[in-house]
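First comes the structure, then the notes that go with it.
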Amino acid sequence: MSEKANQGLTQGYLTNPGPEEEGGASGVLSYAGKRAVRSRERANVQGSGWSLRSGSQYWSMGKGLATVVVSAGPQTIECWFVEDAGGGGLSKKPATLLLRHGPRGPPPRPDLDPKLYFKVDDPAGMLLAAFRRYPAGAHAPHCEMSSYIPFPASAKWARGLSPQQNCSRALDGDWLMVSVSGTVFSLSSLLRPLPEPQREPVFITMATVVLTVLTRHPAPRIHLGKDAVLDLRFAYAPPALEDAPSVASGPPPFGLEWRRQHRGKGHLLLAAIPGLLEKMPPAREKAVAFAAWDDDNDPWGPWTGNGTLWLPAVSPSQEGVYLATVHLPYLQGQVSLELTVHKPPRVSLTPAPIVWAAPGEAPPELLCLVSHFYPEEGLEVEWELRGGPEGSSRKAEGKTWVSTVRHHSDGSVSQSGHLQLPPVTDKQHGVRYACRVRHPSLPSSGRSAEVTLEVAGFSGPSIEDGIGLFLSAFLLLGLFKALGWMAAYLTIPKILKEKASATSLTVPKDEKKSE
């Protein structure tokens with residue numbers, strides 16, 4: 001079994017990735033992606049000793065090497081049905097989506113209006129799959145639903161999707177829009193409920209999912225200067241089989257729209273209708289969308305597609321709420337994502353790694369430089385005194401302040417923290433001063449740098465002492481050599497004189513014989 005298949009198995013589903021194809025213009029790339037093969041409530045996967053039982057929802061390896069628990073997801077989703085109460089107000093009523101139930105049928109809910117107790121049928125499977133993989137123990141998402149009326153797209157570039165102003169009769173009847181938001185995913189679904197509740201054995205209203213728009217990363221957090229990928233998936237099941245397009249026509253045309261709202265301003269980033277690229281407004285900020293139906297869709301539906309947005313080298317100005325809208329003829333689904341940009345700071349401390357001071361004198365001012373970080377808000381600089389009993393630390397004494405913000409061309413900022421220490425004593429010899437920086441882009445422990453305090457007279461030979469000793473020895477050696485040269489200079493003439501006098505007093509032997 002392949003590595004990707006193993007990864008899919010550990011998540012409770014099998015994946016069959018397909019190739020990617022690039023083409024098109026105006027910020028649109030065609031994407032040929034394979035749909036995931038989703039496990040059903042009672043599924044068996046054979047091969048390589050793997051098995052899945054959705055009743056207890058666990059994977060096990062036949063050889064006993066691993067056991068991975070997979071959550072089956074919640075059975076019900078509690079929502080609020082929101083409607084106009086008149087006079088500009090809104091009213092809320094409790095409502096529930098029943099995603100799955102046991103063999104005894106839907107559980108009774110006497111606290112609900114049967115018209116607001118919905119048994120969900122999802123032909124495309126995207127909504128149910130999203131909740132089936134919901135992590136156990138995660139906070140429940142927020143769910144709201146309201147009435148929906150099919151209408152043609154209002155944007156000029158999307159009017160070609162609905163050439164006729166009147167909706168098809170297949171879209172008659174009641175519609176619901178369900179919006180689910182949370183930290184795990186965000187989705188928007190259009191449901192078509194039956195007119196009256198059915199008895200199964202309790203009264204419950206059957207509702208079929210027609211369109212789902214989903215993002216699995218509703219709050220992307222991107223490093224400053226890196227590329228951002230805002231994922232978007234959608235699924236569409238025709239309202240009725242007799243109203244679905246013919247086998248030859250395949251899925252219907254769709255439009256994709258990405259907008260951004262930042263600090264009260266909003267503008268269109270990208271709009272696309274695959275196949276009609278020449279009629280689209282140009283993409284802004286070099287945005288690219290992977291807009292296409294999946295290549296392995298059944299011609300008769302349901303169909304799944306991709307609308308992921310790619311933004312190169314994001315900057316702080318690209319922070320904000322992104323609205324992704326999928327337009328079908330007379331139907332729309334929208335989700336929101338909040339993109340934030342971050343960059344962790346670099347922390348350095350000067351002077352370092354040692355600061356010197358004499359007893360009774362104040363050491364030099366310590367400067368903690370916190371450079372090239374984003375966002376500007378949330379920076380904290382703390383000073384610690386380390387090296388106490390058992391390695392303990394405490395807040396450092398002294399006057400502290402933080403400089404003004406310095407801005408850089410890439411959108412990041414820098415600041416510096418200052419610590420002015422009081423006079424030191426010999427007992428403080430060897431302690432370490434540290435600046436600890438806390439920022440939203442850093443882990444909870446923050447980031448720190450430290451310097452060691454050395455008190456003069458209470459330490460071994462230092463670098464300065466070594467240099468002084470070296471210079472002293474060098475001078476002494478030079479002095480000794482100079483004295484040696486001088487002594488030699490004064491001694492040599494005296495020796496030469498003594499040799500000359502001795503030579504003059506000596507009588508040669510030949511002269512004595514002649515005499």
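Counting heavy atoms of the protein chains alone, Ser179 has an accessible area of about 50 Å² for a 1.4 Å probe.
Distance from the C-alpha centroid of segment 368-440 to that of segment 251-320: 45 Å, rounded to the whole angstrom. When the trypsin sites (Lys or Arg not before Pro) in segment 79-186 are filtered for DSSP coil states and for at most 11 other beta-carbon atoms within 10 Å of their beta-carbon, the remaining sites are Arg104. Taking each residue as 0.36 nm, the span from Glu196 to Glu382 lengthens on full extension beyond its C-alpha to C-alpha distance by 60.5 nm. Ordering of 217-226, 333-342, 296-305 by packing is 333-342, 296-305, 217-226, highest average first (other Cβ atoms within 10 Å, averaged per residue).
3J(HN,Hα) couplings calculated from phi for segment 332-338 with the Karplus curve 6.51 cos²θ - 1.76 cosθ + 1.60 (θ = phi - 60°) are, in sequence order, 9, x, 9, 10, 10, 10, 10 Hz; Gly and Pro show x. Can you work out the FRET efficiency for the pair Asp426 and Ser315, with r the C-beta to C-beta distance and R0 = 35 Å, to the nearest 0.05? So, using R0 = 35 Å, E works out to roughly 0.10. Ranked by solvent-accessible area (1.4 Å probe, protein heavy atoms only, all chains present), the residues Asp174, Asp122 order from largest to smallest as Asp174, Asp122.
Around Leu269, under 12 Å between beta carbons, what's the net of Lys plus Arg minus Asp minus Glu among the other residues?
Spelling it out: positives minus negatives among the neighbours equals +2.
Heavy-atom accessible area for Leu453, with the other protein chains in place and a 1.4 Å probe, reaches approximately 0 Å². Remark: segment 183-190, residue by residue, has Karplus-estimated 3J(HN,Hα) of 7, 8, 7, 9, 8, 9, 10, 9 Hz, where x stands for each Gly or Pro and the curve is 6.51 cos²θ - 1.76 cosθ + 1.60 at θ = phi - 60°. Full extension of the segment from His223 to Leu268, taken as 0.36 nm per residue of separation minus the current Cα-Cα distance, would add 13.9 nm.
The values are calculated or read from the model by the stated rules, or taken from the named source; none is laboratory data. Since we're looking at a predicted model, the values are computed, not measured. A quick note on method: Cβ atoms are made from the backbone with ideal geometry, for glycine too, and the neighbour counts reach across all protein chains shown. Quick note on the areas: whole protein, heavy atoms, side chains included, nothing else; ligands and nucleic acids left out. Shrake-Rupley method; radii C 1.70, N 1.55, O 1.52, S 1.80 Å.
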